[in-house]
Amino acid sequence: MTATEQPVPAAAEQPARPIYPGAPPPQPPKPLPQLLLYMFAATVIGITQGVGMSFISVTIQQIAGPLKATTAEASWLMAAYLAPNATLTLILFKMRQQFGIRRFAEVSIVVYVLINFCHLWVDSFQSALVLRFFAGVAAAPMSSVGILYMMEGLPREKKLNIGICSAMTVLSLSTPLAGLTAPFLLEHGGWHGLYMCEIGLALISLALIFKLPLLSGERVKVINKVDLTSFSFLFIGMGAVATALTVGRVYWWTEKPWLGVMLVAGVAALMVMVLIELHRDNPMIEIRWLTSAEIIHFTGALLIFRILLSEQSSGVRSFFVMLGLNNGQLQGLYVVIILSTIAAGATCAFLLKPGRVALLHGFALVLLVIGSWMDSQSTILTRPGQMYVSQMLLSFAAGLYLPPAMMVGFIAALRRGPSFLISFIAVFLTTQRVGGILGSAMFGSFVTWREQIHSAAIAQDLTSGNPVVTQRISQLASAYASTISDTGIRQAEGAVLLAKKATQQAYVLAYNDAFRFIALLAAVALVILVLDVCFEAWENKRAAAEGLPA
């Protein structure tokens with residue numbers, strides 16, 4: 001070898017490349033105590049970012065009064081939070097690449113803490129609405145930070161099973177944990193007690209993030225002016241659609257013209273964003289890839305599943321609220337959901353491999369069919385204890401479905417190239433957040449529609465000439481015998497009580513219809529999945545016979 005020649009390093013000696021530009025290079029696994037600390041930090045951060053929204057959704061009736069707002073007006077608090085939260089993660093992914101993961105995490109948590117402290121000075125509905133918007137902005141990075149902490153220090157081959165399953169499990173716990181703790185917080189601190197809990201969790205998260213820093217990779221300049229223009233239209237479009245879906249059922253879709261204007265404006269803004277991205281050499285979102293058969297299939301599967309999960313996320317709790325129960329009486333149900341979610345996450349982490357995705361999804365759909373059908377047998381006397389088994393099945397199904405779906409999309413994006421990863425994140429988060437809002441809106445609207453039908457059918461039999469109806473009114477009127485001496489007024493009060501009970505019975509029948517519809521939808525999805533697996537096996541067999549790649 002001459003003096004000018006240099007030895008070529010062996011492949012094993014070359015440094016491992018990061019998964020995507022701006023990501024830290026692969027590192028050796030951390031020692032177990034340090035790994036557990038990072039997973040604990042991920043758990044706290046994941047719960048912190050979720051309870052802010054969940055506290056509002058599970059206590060909206062209780063906080064509307066202190067804010068001097070109606071329940072319909074209080075629903076705008078959820079819309080103000082979700083509008084920015086549903087879209088910001090996309091641009092935040094690029095910010096993470098450009099400014100470094102460590103600085104991104106530290107700045108995010110400081111902003112989140114400051115916004116939460118501002119809630120202590122909220123004294124009106126208007127100020128609460130403004131702060132919830134900024135809380136949605138501040139919370140958007142926290143889910144990404146939580147996922148990064150969960151994967152930090154894990155061996156590379158474990159990030160797609162243990163890392164993803166653990167992260168998805170933690171992110172699913174915020175709503176049942178909020179329902180479990182909200183009665184205690186409201187009792188001892190009022191609605192400010194909810195904010196104090198958020199502040200406490202945020203401060204713990206801040207300490208963990210600064211004590212356990214994330215490893216940053218090489219910073220890459222990835223944000224340009226066209227990105228900001230495209231994102232602005234995406235932000236406006238997704239924000240308008242998310243807001244309309246959140247409050248549409250409350251005000252009813254055809255009653256308020258501004259709901260239609262909001263949806264049209266949102267769709268128009270999204271179309272402008274698509275046109276911008278289609279004519280770029282280096283698009284922020286790969287629109288052509290997103291409209292391919294593979295990704296449409298993936299997106300449709302995720303969207304259907306989020307609609308199916310609305311049975312638990314919004315349906316069951318609304319059912320018991322309609323029956324007059326509060327969060328304190330639902331605590332046993334929340335405990336069952338939490339334990340079942342954790343068990344599902346552990347099971348999925350143990351079983352998850354690329355070749356088992358269809359099997360896990362099929363089993364999850366079977367559990368959804370069984371659980372939803374069990375709930376459809378409810379009556380006006382049903383109580384939470386009678387739904388423990390069905391809700392356990394639904395929680396377990398959710399824990400088995402989401403991590404495999406995320407793994408499949410993640411691998412598909414990386415095979416195409418690092419630039420496609422942002423597009424996958426856009427699809428996944430859109431189906432999870434906006435899909436969740438859509439599922440809740442569809443479920444609630446279906447219940448309202450079916451209640452009107454059942455109420456009309458029941459009212460046909462509640463005639464004054466029916467002796468059974470007359471007897472029932474007299475029985476209900478007797479409850480006022482000690483307080484109302486006038487017989488006519490007592491009978492009128494008895495008729496009002498009977499009408500309320502008839503409406504309640506109509507709602508029970510409507511919820512049963514909705515639960516049956518969810519079971520039917522899950523069964524149809526299961527049949528489609530089985531046919532898809534059979535078709536794929538047939539295609540692979542035919543390709544093998546012809547000597548073609550699978």
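In the stretch 486-516, the residue that is farthest from residue 365 (Cα to Cα) out of those that are modelled with pLDDT under 75 and among the β-branched types (Val, Ile, Thr) is 487.
If you check 137, 130 for being surrounded by fewer than 24 Cβ atoms within 10 Å (Cβ to Cβ), more than 19 Å from the chain's Cα centre (by Cα) and either modelled with pLDDT of 75 or more or under 23 Å from residue 391 (Cα atoms) (or both), only one passes: 130. Being within 21 Å of the chain's Cα centre (by Cα) and not assigned by TED's automatic domain parsing to the domain that holds residue 524 is a property that residue 264 lacks.
List, please: which pairs have Cβ atoms under 9 Å, are six or more places apart or on different chains, and start with a residue in the stretch 251-267 that is on the phi < 0 side of the Ramachandran plot and of a type in the set (Lys, Arg) and end with one that is surrounded by 14 or more Cβ atoms within 10 Å (Cβ to Cβ) and outside any loop (DSSP other than H, G, I, E, B)? From residues that are on the phi < 0 side of the Ramachandran plot and of a type in the set (Lys, Arg), the pairs are 256/247; 256/248.
So, restricting to helices (runs of 4 or more DSSP H) that lie completely within the stretch 280-353, which ones have at least 1 residues that are closer than 19 Å to residue 434 by Cβ? Outline the logic, then answer.
Values: elements: 287-290, 293-310, 317-322, 331-351.
Answer list for the stretch 280-353: 287-290, 293-310.
Screening residue 330 against (1) in contact (Cβ under 8 Å) with a residue 24 or more places away in the chain; (2) closer than 25 Å to residue 167 by Cβ leaves a single unmet condition, (2).
Answer with yes or no whether residue 158 is of a type outside the set (Gly, Ala, Ser) and under 26 Å from residue 339 (Cα atoms). Criteria met by residue 158.
In the stretch 57-72, the residue that is farthest from the chain's Cα centre (by Cα) out of those that are of a type in the set (A, V, I, L, M) and closer than 14 Å to residue 250 by Cβ is 69.
Criterion first (in the same structural domain as residue 205 (by TED's automatic domain parsing) and either touching a residue at least 12 places away in the same chain (Cβ under 8 Å) or within 19 Å of residue 196 (Cα to Cα) (or both)) does residue 157 satisfy it? It would help to see each step written out before you state the result.
Working: in the same structural domain as residue 205 (by TED's automatic domain parsing): yes; either touching a residue at least 12 places away in the same chain (Cβ under 8 Å) or within 19 Å of residue 196 (Cα to Cα) (or both): no.
Spelling it out, it is not the case that residue 157 is in the same structural domain as residue 205 (by TED's automatic domain parsing) and either touching a residue at least 12 places away in the same chain (Cβ under 8 Å) or within 19 Å of residue 196 (Cα to Cα) (or both).
If you scan the stretch 333-362, which residues turn out to be buried (at least 17 other Cβ atoms within 10 Å of the Cβ), without any contact (Cβ under 8 Å) to a residue 60 or more places away in the chain and not aliphatic (A, V, I, L, M)? Within the stretch 333-362, 340 is the sole residue that qualifies.
Each residue in the stretch 155-182 was checked for being at pLDDT below 75 and of a type in the set (A, V, I, L, M, F, W, C), and 1 of them qualify. Exactly one residue out of 519, 459 is out of contact with any Cys (no Cβ under 8 Å at 6 or more places or on another chain), closer than 26 Å to residue 246 by Cα and modelled with pLDDT of 65 or more, and it is 519.
Check 364, 346 and return the single one that is over 30 Å from residue 447 (Cβ atoms), at pLDDT 80 or above and among the aliphatic types (A, V, I, L, M). Before you say what the answer is, go through the steps one by one.
Values: 364 fails: over 30 Å from residue 447 (Cβ atoms).
Within the list 364, 346, the selection yields 346.
Could you please let me know if residue 187 is of a type in the set (Asp, Glu) and touching a Gly at 6+ places or on another chain (Cβ under 9 Å)? Criteria met by residue 187.
May I ask you to verify whether residue 432 is within 30 Å of residue 291 (Cα to Cα), at pLDDT below 75 and either in the same structural domain as residue 83 (by TED's automatic domain parsing) or in contact with a helix residue (DSSP H, G or I) (Cβ under 7 Å, 6 or more places away or on another chain) (or both)? Talk me through it step by step, then tell me what you get.
On the way: within 30 Å of residue 291 (Cα to Cα): yes; at pLDDT below 75: yes; either in the same structural domain as residue 83 (by TED's automatic domain parsing) or in contact with a helix residue (DSSP H, G or I) (Cβ under 7 Å, 6 or more places away or on another chain) (or both): yes.
In short, yes.
The values are calculated or read from the model by the stated rules, or taken from the named source; none is laboratory data. Here the structure is a predicted model, which is why all the values come from computation and not from measurement. Neighbour counts run over all protein chains shown; Cβ positions are idealised from the backbone, glycine included.
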